[in-house]
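Coordinate-derived values only; no laboratory data. No experiment lies behind these values; they were computed from the predicted model shown. In this analysis, Cβ positions are derived from the backbone assuming ideal geometry, glycine residues included, and neighbour counts consider all displayed protein chains.
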Ligand code: GAR
């Protein structure tokens, strides 16, 4: 049995998609864990509803960063879980270097742009407003550079005539669900080999 930890801050559609794919058997024998920094997140509710181990931690008052108390707490908790994979799926905080170092090569992030374009927040909106003809999403290993680690896979989404930010965002999310599921399945397969 392998452990997969998902970090999510918001709606949790990507976490939910992973939970469904796991239930359908796509990832073999795995146990999911959901960790959130937001007690009101949809991600936490999805985990509770699916009876997936879940936890909300207090990130402290440091804007996009997390407090050193939260950092130590998470490090101990993650060491205890000993995950094969940590997936940042809409986790809107910067992972501290101690965690990135401890889980190097086992921590991946999903980002809603064709990196290295549009790093950081509001990537879809910025790409849409810039008049890009195609946007997309990326899964990459987490490094200490924001949205800057080695790219594992990307999926392109064309901007269609008449697209609004909402319709485009919806298609990027659909592409994300597919891409993230494929990457997780592939990384687990590689670990088996
Ligand atoms: C996703 O689009 C994900 O790529 C993005 O947050 C959204 C979460 O959606 N992540 C980032 O922007 C990280 N920089 P979800 O909560 O429905 O999965």
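Please give the length that would be gained between residue 134 and residue 122 if that part of the chain were fully extended, namely 0.36 nm times their separation in residues minus their C-alpha to C-alpha distance (nm, one decimal).
In short, 2.7 nm is gained.
Looking only at the chain, where both bridge partners belong to it, what percent of the DSSP beta bridges are antiparallel (to the nearest 5)?
Taking every DSSP beta bridge within the chain, about 40 percent pair in antiparallel fashion.
Could you let me know the centre-to-centre spacing of the stretch 142-183 and the stretch 1-62, using Cα atoms, in angstrom?
The stretch 142-183 and the stretch 1-62 have Cα centres spaced 19 Å from each other.
Within the stretch 116-131, what residues put their amide N at less than 11 Å from the label point 7 Å along the Cα-to-Cβ vector of residue 145?
116
Suppose R0 equals 35 Å; then what is the FRET efficiency for residue 72 and residue 178 from their Cβ-Cβ distance, rounded to the nearest 0.05?
After rounding, the FRET efficiency stands at 0.45.
For helix 165-192, report the angle its Cα long axis makes with the longest principal axis of the Cα atoms of the chain; keep it between 0 and 90° and round to the nearest 10°.
It works out to around 40 degrees.
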